[in-house]
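S.K.: Just dropping this structure here.
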Amino acid sequence: FILLLSKFKTVLLTMNETLYLVIALFFASVHGHMYLSSITIGGQDQGERNCLRPLYSGGAAGTYPNSPIQDLKVYTRGLIGSNMTCGFLPFAANPANRKCSVTAGSVMGITWHHNDATSSDDIVEDTHKGPCMVYMAKSDDGSGPVWFKVYEEGYNTQTSTWCTMRLRATKGYMEFTIPASIPSGNYLIRTETFGLHEGNQMYGAQPYVGCAEVTVTGSASGSLPSSDYLVSFPGAYSYNDAGILFNIYNSFTSYPIPGPKLFTSSAVTNTGNPTSNPTSNPTSNPTSNPTSNPTSNPTSNPTSNPTRGV
């Protein structure tokens, strides 16, 4: 009897996990995806798609493609493929409309959206739980081991909250710090979120990737991180990494954030304005919605990310 009861519990758990996965797959087919919408510098929103690498074409006016870099049938098109550098090729290989200037050591904001930059946008479906990361590269094309991680946020065990869920609460807005110690020059900023609602199966994790182009100023004597911080995209992840092949439907007490160790700088000169909502640029798209609750900045969340890229 005890053996039968144990088997029955196992069947129930499997059915429960399957139900969650079916629900997640349904919502993934109808909505829930996301795209990099805008960046905020010095508290000023730079406007929809300004200083960002192009997305692939398609969609109605004012909306942008928001698909993950995932292919369950041809896995080389997914997170080990060349689309992982800055987004879908050949479009993401083209330069941004301009480069935005940002000071080393300052706070920079990023805004994600689901369909468009409106106040009613839901950012991402709440089944799409997963981490957020930000990388930088002093490179024009992002090829080779040039990327270093400057921000990461995974799962907060105290609040049982994923980074993607916090983005829903902040209308897609998040902040990180440009390292104060890096040299001045042109950089790519690669921002990324993961949906792990299918992460319990091989090739199931859904990365969303977008790149910004910036010119870092104010740090002429800085230096780049050493080689042990640097990774390539593609190449930084594999499908069986602990934080990518990860079952969010099971009980767990911690989450291993994918990628290399976080690069931190020895000093920060905060010239941004993280304590107030970013102000929309009057010359940019008026539908952009960078407003967020700045007190929800994950720097107040020590359990999800004990060290930040500063």
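S.K.: Looking at the range 218-244, I want the residues that are in contact (Cβ under 8 Å) with a residue 40 or more places away in the chain and have a partner that is part of a loop (DSSP other than H, G, I, E, B) and among the basic types (Lys, Arg) with Cβ atoms under 8 Å, at least 6 apart or on another chain. Which pairs are those?
M.R.: Short answer, once both residue conditions are applied: Leu224/Lys138; Tyr229/Lys261.
S.K.: Residues in the range 34-60 that are of a type in the set (A, V, I, L, M) and at pLDDT 85 or above: how many?
M.R.: Going through the range 34-60, the residues of a type in the set (A, V, I, L, M) turn out to be 34, 36, 39, 41, 52, 55, 60.
In the following step, the residues that additionally are at pLDDT 85 or above were identified as 36, 39, 41, 52.
Of the residues in that region, 4 qualify.
S.K.: Can you give me the number of residues within the range 72-99 that are in a loop (DSSP other than H, G, I, E, B), at pLDDT below 90, under 26 Å from Phe148 (Cα atoms) and not small (Gly, Ala, Ser)?
M.R.: Matching residues across the range 72-99 total 4.
S.K.: Go through (1) free of Cβ contacts under 8 Å to residues at least 40 places away in the same chain; (2) of a type in the set (Gly, Ala, Ser); (3) open to solvent by less than 10 Å² (accessible area, probe 1.4 Å) and name the single condition Gly81 misses.
M.R.: (1)
S.K.: Checking the structure you have, find out if any residue of the range 169-178 is touching a Lys or Arg at 6+ places or on another chain (Cβ under 6 Å), closer than 25 Å to Val107 by Cα, buried (at least 21 other Cβ atoms within 10 Å of the Cβ) and at pLDDT 95 or above.
M.R.: So far as the range 169-178 goes, no, none of its residues is touching a Lys or Arg at 6+ places or on another chain (Cβ under 6 Å), closer than 25 Å to Val107 by Cα, buried (at least 21 other Cβ atoms within 10 Å of the Cβ) and at pLDDT 95 or above.
S.K.: Kindly indicate the residue of the range 92-103 that is touching a strand residue (DSSP E or B) at 6+ places or on another chain (Cβ under 9 Å) and open to solvent by 10 Å² or more (accessible area, probe 1.4 Å) and also farthest from His33 (Cα to Cα) among those meeting that condition.
M.R.: Checked the range 92-103; the qualifying residue farthest from His33 (Cα to Cα) is Thr103.
S.K.: Considering only residues that are modelled with pLDDT of 95 or more and of a type in the set (A, V, I, L, M), look in the range 249-274 and name the one that is nearest to Lys129 (Cα to Cα).
M.R.: Across the range 249-274, the extreme among qualifying residues is Ile257.
S.K.: Which of the residues spanning the range 123-168 are open to solvent by 10 Å² or more (accessible area, probe 1.4 Å) and at pLDDT below 90?
M.R.: Glu125, Asp126, Thr127, Arg168
The values are calculated or read from the model by the stated rules, or taken from the named source; none is laboratory data. Model, not experiment: these values are computed from the prediction. As a convention, Cβ positions derive from the backbone with ideal geometry for all residues, glycine included, and neighbour counts pool all protein chains shown. Surface accessibility is based on the protein's heavy atoms, side chains included, excluding ligands, DNA and RNA. Shrake-Rupley method; radii C 1.70, N 1.55, O 1.52, S 1.80 Å.
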